[in-house]
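Scroll down for the structure; my scribbles are underneath it.
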Amino acid sequence: MTAPGRVGVIADSTLQGHLLSSAVKAQGYQVVVNTDPEALEQRWLAEGALDLWVVDLSSEDRWQSFLDNLLEEAAAPILFCDGQAPARTDARYPKWERRLVTKLVDFIGKPAVEERLDVIPQRPPTVKIPTPREFETIRPGDRPRRVWVLGASLGGPAAVKLFLDCLPANLPVAFVLAQHIDGSFLDTLCGVLGRDNNIDCKVGVDGSALRHGELAIAPVDYAVKFRHDGRIQSTGQAWEGPYAPSIDQVIQHVSEGFGNACGAILFSGMGNDGAIAAPRLAASGCPVWAQSADTCAVSSQPDSVRETGCVSFSGSPEQLALQLVERLRRELKSA
């Protein structure tokens, strides 16, 4: 793995410095120094010391002399933040963090992380859920009555694979996977996720359809929406935000296409993608679940959604699979 972008944080508030540093680290960048203006060491301004400065000063008039020196001496580019960060539990925090991340990516590119699909373990799941009798009348070709979004980033493929491996046949739900990954690896990811389980995996290209018992991986090169008949349709535009596909957009578009007949599960990953749309989904009465932090390779993504207060269940991939099957069984039994 290549070293991620090296970032220095300067803030005249300890709390603000902590929030900025935490947000930068959660995206996969390396915070090399976090300091207040008076404690800044001259060596950090030298050529090659950092890739970017993130600066947030509550009173610029007080620090005008410092800022003049920083602008003159710093070899790395400087990103000036446009306001104090809200508390992590504040409803405004995900949007604030998203704006910061977008600017980071614009300045120094995405953090250098690599998803190794070739090392996903090929081991049988500890849980193999038998097919409930309520599922036996479900036909795979039916228009899906329930659609669940699976959102994942770094470490996500292994977690999603384990989740899918636990599921029984004749599953009365279609999945849409929003996985942050290079588009050239989609076909490989599709083959890995669909191996040795009951789920048919495909890349959800424009014109394809969602079906019961299938997982459609959202494309990377263009955004898609979902029609009421289950068809996947290109929006003709790129995904919004710094990462593709956008988990927030996939959740929003699935909700628009299927109303209350949907849900979302956030798996291992960096960043906070999903933390904007997931609370809205939960507010409409749909379930939002997340992988437990202790079972994630990287937990910042599901943690950020948990911090919004919208997650009603957290568990390992196996526990999430059991929870989903039991929920679906109860829904069919009461129908």
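Mind checking the log10 I(q)/I(0) for the stretch 208-335 at q = 0.13, 0.15, 0.19, 0.23 Å⁻¹? Debye, one equal scatterer per Cα, no solvent, two decimals. For the requested q values the scattering log ratios are -0.55, -0.74, -1.19, -1.52. For ALA238, the residues 5 or more places off, or on other chains, whose built amide H falls under 5 Å of its own are ALA223.
With each label modelled as a point 7 angstrom along the Cα→C-beta vector, the ARG227-ARG145 pair spans 2.2 nm.
Pop the C-beta distance of ALA49 and ASP182 into the FRET formula with R0 = 35 Å and round what comes out to the nearest 0.05. E(calc), rounded to 0.05, equals 0.75.
Could you calculate the FRET efficiency of ASN170 with GLN237 from 1/(1 + (r/R0)^6), where r is the beta carbon distance between them and R0 is 35 Å, rounded to 0.05?
Working: r = 36 Å, r/R0 = 1.03.
After rounding to 0.05, the efficiency reads 0.45.
Backbone amide hydrogens, once placed in the peptide plane, bring GLY263 within less than 5 Å of VAL147, TRP148, VAL149, excluding anything fewer than 5 places away on its chain. Normalised by 2.2 N^0.38 Å, where N is the number of residues, the C-alpha radius of gyration of the stretch 19-115 stands at 1.12.
The charge dipole of the chain, taken about its Cα centre with unit charges on the Cβ atoms of Lys, Arg (+1), Asp and Glu (-1) only, comes to about 1840 debye.
Take 148-159, 34-45 and order them by the average number of nearby Cβ atoms within 10 Å per residue, most first; the result is 148-159, 34-45. I'd like the FRET efficiency for HIS18 and PHE313, computed as 1/(1 + (r/R0)^6) with the beta carbon distance as r and R0 of 30 Å, rounded to 0.05. Rounded to the nearest 0.05, the efficiency is 0.50. Look at the dipole of the chain built from charges on Cβ: of LEU177, GLN30, GLY274, the Cα furthest out on the positive end belongs to LEU177. The magnitude of the dipole of the stretch 143-255, with charges of +1 and -1 set on the Cβ of Lys/Arg and Asp/Glu and taken from the Cα centre, is near 440 debye. The alpha-carbon atoms of the chain define a convex hull whose volume equals 131 cubic angstrom per residue. Between amide H atoms placed 1.01 Å from N, distances below 5 Å from VAL203 occur with ILE217, all of them 5 or more places distant or on a separate chain. Dividing the summed helix terms, -39500 (n - 2.57) for each DSSP H run of n ≥ 4, by the number of residues in the chain produces a 222 nm estimate of -9500 deg cm²/dmol to the nearest 500.
Stretching ASP196 away from GLU60 to a fully extended chain increases their span by 43.0 nm, per 0.36 nm per residue minus the current alpha-carbon distance.
FYI, it's all coordinate maths here, none of it is from the lab. Keep in mind that what you see is a predicted model, and the values were worked out from it rather than measured. Counting neighbours? That spans all protein chains shown, and the Cβs are built from the backbone with ideal geometry, glycine included.
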